[in-house]
Structure formats: structure tokens, C-alpha cells
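The values are calculated or read from the model by the stated rules, or taken from the named source; none is laboratory data. Remember, it's a predicted structure, so these values are computed and weren't measured experimentally. So basically every Cβ, Gly included, is an ideal-geometry build from the backbone, and we count neighbours across all protein chains shown.
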């Protein structure tokens with residue numbers, strides 16, 4: 001096997017792109033870097049390990065509880081028609097209603 005220092009970049013580029021059947025952006029630069037001895041960071045298995053769940057800090061500290069709720073079809077349709085985030089808007093409406101009734105602290109106070 002030839003060492004990278006004796007690599008004919010143009011010949012290797014032509015062979016690789018011929019096999020691929022298309023030009024490959026950045027290939028010439030990558031081959032030139034390899035020939036010059038420039039290497040990328042090698043990742044260890046520990047660095048590549050995937051952890052279960054969401055990344056730390058991506059979830060709000062206050063969590064909401066899932067519930068099963070029965071709504072009239074027309075009410076549900078109207079809420080869903082408001083677009084993404086309709087469940088959050090229901091939560092906000094219920095919170096405001098409970099605050100008006102004195103059952104929760106007023107969020108605007």
C-alpha cells in the first residue's frame with residue numbers, strides 16, 4: 001500500500017468520482033489534507049455513546065401531568081384550529097380562569 005505522501009491526488013480523485021458516478025464536493029480538499037498529514041479528531045467509543053432521554057437542561061423544571069380529558073367535538077376542533085401549541089393555550093386559559101376565580105395566584109400580579 002502506498003503511503004499518503006506519494007498519493008497522486010488527481011488520479012485518486014478521478015477513480016473515486018468515477019466509482020461514485022458524480023463529482024463529490026470537498027473530496028479534492030480532503031485528499032490534499034490527508035496527503036499533508038492533517039487528521040481529524042478521532043472519537044472514542046465513550047464520546048460516541050448515546051445516552052437515553054433528553055439532553056440535560058432541555059426539559060423545563062416544572063413538568064406537566066398528562067391527563068385524559070373529554071371535550072365537546074366543536075370545542076376541540078376550534079382549539080386545534082388555532083395551530084400548534086393548542087394544548088399549551090388550553091393550559092393558559094384554564095390557569096387564567098382559575099386565577100379569576102381565586103383558586104390560583106394571579107399570574108399577572
Per the filter on segment 52-77, residues in a loop (DSSP other than H, G, I, E, B), surrounded by 10 or more Cβ atoms within 10 Å (Cβ to Cβ) and in the same structural domain as residue 94 (by TED's automatic domain parsing) are 71
By residue number, the members of segment 1-47 that are surrounded by 11 or more Cβ atoms within 10 Å (Cβ to Cβ), over 33 Å from the mean Cα position of the chain (by Cα) and not in a helix (DSSP H, G or I) are 7, 8
